[in-house]
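K.L.:
Encoded as structure tokens, here's the structure I'll be asking about.
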Amino acid sequence: MSANKKKRMQVFAELYEFNEQLILNLKFARNPISKVAEPFTYIAEIMNGKCVLDGKDGEFISEYTVNLGKSDPLSQIDYLNGRKQSLTKYRDESASDYKRYSSLYVKIFFMIGVLAAVLLA
């Protein structure tokens with residue numbers, strides 16, 4: 001469970017950073033999307049058509065990627081700037097979920113360890 005929360009946090013953090021890099025790329029460099037996606041672990045997988053998250057998150061990612069590279073640079077910049085707010089929301093939400101649940105799991109396993117020590121003593 002905690003691994004899923006961590007992966008979700010990492011995917012949305014990468015997606016947000018990729019969005020920012022793509023905006024800069026469209027404004028100045030104009031490199032192919034695949035080159036911009038190279039440094040990102042999950043983005044390269046997403047661009048190759050692999051589904052890295054399930055459910056509503058996976059749908060959001062597929063809706064985001066379906067329009068990438070389909071229009072002129074000015075339209076792409078407008079599209080990416082429009083998606084920035086929703087990406088920020090998903091990134092912040094996934095980070096807070098991970099922080100909240102990861103500490104919960106640490107506490108639960110600590111309590112299980114204490115319980116096991118008491119039972120063995």
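Derivation of every value follows stated rules applied to the coordinates shown; laboratory data play no part. Because the structure is predicted, anything quoted here is derived from the model rather than measured. Note that each Cβ is placed from the backbone with ideal geometry, even for glycine, and that neighbours are counted across all protein chains shown.
K.L.:
Loop only by DSSP, 14 or fewer other Cβ within 10 Å of the Cβ. Give me the trypsin sites (Lys or Arg not before Pro) in region 56-121 that pass, ordered by residue number.
P.N.:
Lys70
K.L.:
Please find the FRET efficiency linking Lys35 to Gln85, where r is the Cβ-Cβ separation and R0 is fixed at 22 Å, and quote it to the nearest 0.05.
P.N.:
The calculated FRET efficiency here is 0.25.
K.L.:
On to the next question. Within straight cross-link reach of Lys6, meaning Cα distance under 22 Å, which lysines are found once same-chain residues fewer than 8 apart are removed?
P.N.:
Within the straight-line limit of under 22 Å, Lys6 reaches these lysines: Lys50, Lys56, Lys84, Lys89, Lys99, Lys107.
K.L.:
With +1 on the Cβ of every Lys and Arg and -1 on the Cβ of every Asp and Glu, and nothing else charged, how large is the dipole of region 41-121 about its Cα centre, in debye rounded to the nearest 20?
P.N.:
280
K.L.:
Give me the percent relative contact order of region 11-105, please, defined on Cα pairs under 8 angstrom at least 6 residues apart.
P.N.:
Across region 11-105, relative contact order equals 36 percent.
K.L.:
Still on this structure, please answer the following. Subtracting the Cα-Cα distance from 0.36 nm times the residue separation, let me have the gained length for Lys50 to Phe28 in nm, one decimal.
P.N.:
Details: separation 22, 0.36 × 22 = 7.92 nm, distance 2.88 nm.
Extending this stretch completely gives an extra 5.0 nm.
K.L.:
Could you work out how far helix 55-66 tilts from the main Cα principal axis of the chain, as a 0 to 90 degree angle to the nearest 10?
P.N.:
20
K.L.:
What is the ratio of the Cα radius of gyration of region 5-121 to 2.2 N^0.38 Å, where N is its residue count, to two decimals?
P.N.:
For region 5-121, the normalised Cα radius of gyration is 1.41.
K.L.:
Pop a pseudo-label 7 angstrom from the Cα along the beta-carbon direction at both Phe110 and Lys6 and give the gap in nm to one decimal.
P.N.:
Calculated label separation equals 1.8 nm.
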